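*Asks:* I have a structure here, written as structure tokens, and I will follow up with some questions on it.
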Amino acid sequence: MTDTELDLCSVTPSIGQIDDILKSRLDGGELSDKDVAMLLASENDDECRARIMRAAQDMRTHNFGTLIYLYGFVYYSTYCKNDCSFCYYRRSNTELPRYRKSIDETVEVAKRLAESGVNLIDLTMGEDPKFLDDPEALPALITKVKLATGLPIMVSPGLLDSKGIDQLAANGADWYALYQETYDKQRFEGLRIDQSAAKRLLAKRHAATSGLLIEEGLLCGLGESHEELLRSLQALRLIDAAQVRVMTFVPQSGTPLAHLPATTARRETLLIAIMRLMFPDRLIPASLDVEGLSGLRARLDAGANVVTSLIPPDSGLAGVANASADITNGYRTVAGVSETLEEAGLEAATPLDYVRWLEVAKWKRS
């Protein structure tokens, strides 16, 4: 990445320049860092954005047709040993009720999700010492959920050592999700207080050698510059993550960043579209955890091909960035998102569709 490419982030490109970049990419050309910088710089030009969104949809259709994959979300423990400045569930936040579901409770919720038609179960927790200090707890949970549902499993347990990661794979996990949030050193240190960016990267690399697929994620809406975003997107090229995502920061009470203003999803949707153009064969989620059902269509229109954070009502489970939005009313369910998919000309994938994609993704990385 050159200084010239970074400088382009502050120059508003013309519609003609954007059209040339998009045509080249859709015709099979490479998307350079210079091109990505130009796409980022078009953030505030509505016509350029609209063209980028259409190109991202075309790229998704070319690679995935009309299929959208559906992820069930089971946030089974909100206890965490970390004190991340952006997270509602940070260790020192005393403003929230916490819970820790038993293995049996977690399995029952996973079964409900499987029966509803989701394609994957995402087992997520804070870095809960009760699970992390017991080497058998998380592997046992994975085994039981896999047995009860027959579905692929994503595990989002925070930072694990090599042995712990190997146990995920040995007990039937398919994915290891561990978000970096940003590849800017100073911002990382401000978000993930007293944590190591290098250790997180090493954990993801080890997971890949263990046969797990990797999900990587970025956080936006914190005042980051286009240059910072370009560096983070460039870093994503170096990580062979089968799923890449971006989510908008949501201010949380009881955290050091609670005073920051909430932003729209405008930047998030542009980044989803750019990710689709950069990584045409990857999975890119549209999360219901930021704006609920009302924000789903915009993310699908940006080229996302996964709907994630589906949570059964009356399950006693919370979301992460948005703990309660659209859960009790049933909108964060397979049935709840079906109308939005239909309106967008898209269709929910079957579990078999997803397994087929998963097998190819693993084969490519073996």
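Quick note: the coordinates plus some simple rules give every number you see, no bench work behind them. Not measured: the values here are computed from a predicted model. Ideal geometry is used to build each Cβ from the backbone, glycine not excepted, and the neighbour counts take in all protein chains shown.
*Asks:* At a threshold of 8 angstrom on Cα-Cα distance, excluding pairs fewer than six apart, so keeping six or more, what relative contact order does the chain reach in percent? Present the calculation step by step, with values, prior to reporting the outcome.
*Replies:* Working: 658 pairs, mean separation 77.7, N = 366.
Dividing the mean separation by the residue count of the chain yields 21 percent.
*Asks:* Please compute the Cα-Cα pair-distance distribution of region 140-201 with 10 Å bins starting at 0, giving whole percents from short to long.
*Replies:* Spelled out per bin, shortest first, that is 20, 42, 24, 13, 1.
*Asks:* Straight distance only, please: which lysines reach the Cα of Lys364 with their own Cα at less than 26 Å, same-chain residues fewer than 8 apart left out?
*Replies:* Those lysines meeting the cut-off are Lys146, Lys163, Lys199, Lys204.
*Asks:* When only DSSP loop residues count, what GluC sites (Glu not before Pro) in region 87-123 have their Cβ near at most 11 other Cβ atoms within 10 Å?
*Replies:* Values: sites: Glu95, Glu105, Glu108, Glu115; in loops: Glu95.
Answer by residue number: Glu95.
*Asks:* Taking a cut-off of 16 Å, what percent of all Cα-Cα pairs in region 3-59 are separated by more than that? Spell out each step's value before the answer.
*Replies:* Numbers: 571 of 1596 pairs.
When all Cα pairs of region 3-59 are counted, 36 percent exceed 16 Å.
*Asks:* Which residues in region 238-263 have a backbone N closer than 14 Å to a point placed 7 Å from the Cα of Asp83 along the Cα-to-Cβ line?
*Replies:* Backbone N within reach: 255-257.
*Asks:* If we count other beta carbons within 10 Å of each Cβ, what is the order of Trp175, Trp363, fewest first?
*Replies:* Fewest-to-most Cβ neighbours within 10 Å comes out as Trp363, Trp175.
*Asks:* Would you mind computing the Rg to Rh ratio of the chain from its alpha-carbon coordinates, Kirkwood style for Rh? Mind dumping the intermediate values first?
*Replies:* Numbers: Rg = 19.5 Å, Rh = 20.7 Å.
Over the Cα atoms of the chain, Rg/Rh equals 0.94.
*Asks:* Moving on to the next point. Order these by the 10 Å Cβ neighbour count, fewest first: Ile272, Ile52, Ile15.
*Replies:* So the residues, fewest neighbours to most, are Ile15, Ile52, Ile272.
*Asks:* Would you order Ser42, Ser366, Ser156, Ser338 from fewest to most other beta-carbon atoms within 10 Å of each residue's own beta-carbon? Please report the intermediate quantities before stating the final value.
*Replies:* Values: Ser42 23, Ser366 6, Ser156 20, Ser338 14.
Ranking Ser42, Ser366, Ser156, Ser338 by Cβ neighbours within 10 Å, fewest first, gives Ser366, Ser338, Ser156, Ser42.
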